[in-house]
1. Name every residue in segment 130-147 that is under 24 Å from the mean Cα position of the chain (by Cα) and open to solvent by less than 60 Å² (accessible area, probe 1.4 Å), in order of residue number.
2. If you take just the helices (runs of 4 or more DSSP H) that sit entirely in segment 1-97, which of them hold at least 3 residues that are farther than 27 Å from Arg124 by Cα?
3. Considering (1) at pLDDT below 85; (2) open to solvent by less than 30 Å² (accessible area, probe 1.4 Å), say which one Leu127 fails and leave the rest.
4. Considering only residues that are of a type in the set (D, E, K, R) and over 16 Å from Glu9 (Cα atoms), look in segment 80-102 and name the one that is modelled with the highest pLDDT.
5. Name the pairs: first residue in segment 159-186 and closer than 18 Å to Arg83 by Cβ, second residue small (Gly, Ala, Ser) and in a helix (DSSP H, G or I), Cβ to Cβ under 8 Å, at least 6 apart or on different chains?
6. Of Ala167, Ala175, which residue is over 22 Å from Pro76 (Cα atoms) and within 18 Å of the chain's Cα centre (by Cα)?
7. Please indicate, with yes or no, whether at least one residue in segment 22-42 is under 29 Å from Thr182 (Cβ atoms), modelled with pLDDT of 80 or more and of a type in the set (D, E, K, R).
8. Quick test of your reading of the structure: Leu77 fulfils all but one of (1) at pLDDT 80 or above; (2) over 25 Å from Tyr179 (Cβ atoms). Name the failing condition by number.
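The values are calculated or read from the model by the stated rules, or taken from the named source; none is laboratory data. The structure presented is a predicted model; accordingly, all values stated were derived computationally and were not measured. Note that we place each Cβ from the backbone using ideal geometry, even for glycine, and neighbour counts take in every protein chain shown. Side chains are part of the model used for accessible areas, which takes the heavy atoms of the whole protein and leaves out ligands, DNA and RNA. Shrake-Rupley method; radii C 1.70, N 1.55, O 1.52, S 1.80 Å.
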Amino acid sequence: MDEILDAAEQLLLEVGPANGSVQEIARRAGSSVGSIYHFFPTKDAIVAALRARHEEEGRQVRVAIREAVETSADLPLEEFVNRLISPLADFVERRPAAFMLGALDAPDEKELAHKDAPLEEALRAALRHRDPHCSEEELDRRLTVFGTIGRSVADLIMRGGPQHRHAFVEEMKRAMYGYLLTYEMP
């Protein structure tokens, strides 16, 4: 099943969710169409299985980031950003289609906020720790910009192809570091 899902994910990245076929997934997985239908009755079922795999891995990434934030708030800024971004960077490099599939789900803002609330709370606490004099309004703005940087670069990673993923991850770290550095400069 993993070979089928890996083939489907790669095809999805290349041609988008609407244009891939079960026949092409089977060819890429080195499988017959019949064996694909044995596991997945439709192409939509393959996409749903990919979403489920990505959601579970995404949950693990959020936990790892939350733990990194909680244990890294006192570190020098570059190391703080690196520890914060590393779990996400690994996930994005390994599963770039997760963001494409997440965009297709289009959860409403309340659902999205609830899912990422513990992560946002941990990041808020770390940024508060790094700048105790920051107002709540300013902290909200920093979190929004920080998240926007992450989502925007994740989109570039998804569309950039495997040969560019690592470079874009490094650019994400650089952008987040540079943004936060402006608040920590004397």
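1. Of everything in segment 130-147, those that are under 24 Å from the mean Cα position of the chain (by Cα) and open to solvent by less than 60 Å² (accessible area, probe 1.4 Å) turn out to be Leu139, Arg142, Leu143, Val145, Phe146, Gly147.
2. Fully inside segment 1-97 and qualifying: 2-15, 22-29, 33-39, 43-72.
3. Condition (1) is where Leu127 drops out.
4. Arg83
5. Close Cβ pairs (under 8 Å, with a partner that is small (Gly, Ala, Ser) and in a helix (DSSP H, G or I)) amount to Val169/Ala89; Met172/Ala89; Met172/Gly150; Met172/Ala154; Lys173/Ala89; Met176/Gly150.
6. After ruling out the rest, the residue left standing is Ala167.
7. no
8. Of the numbered conditions (1) at pLDDT 80 or above; (2) over 25 Å from Tyr179 (Cβ atoms), the odd one out for Leu77 is (2).
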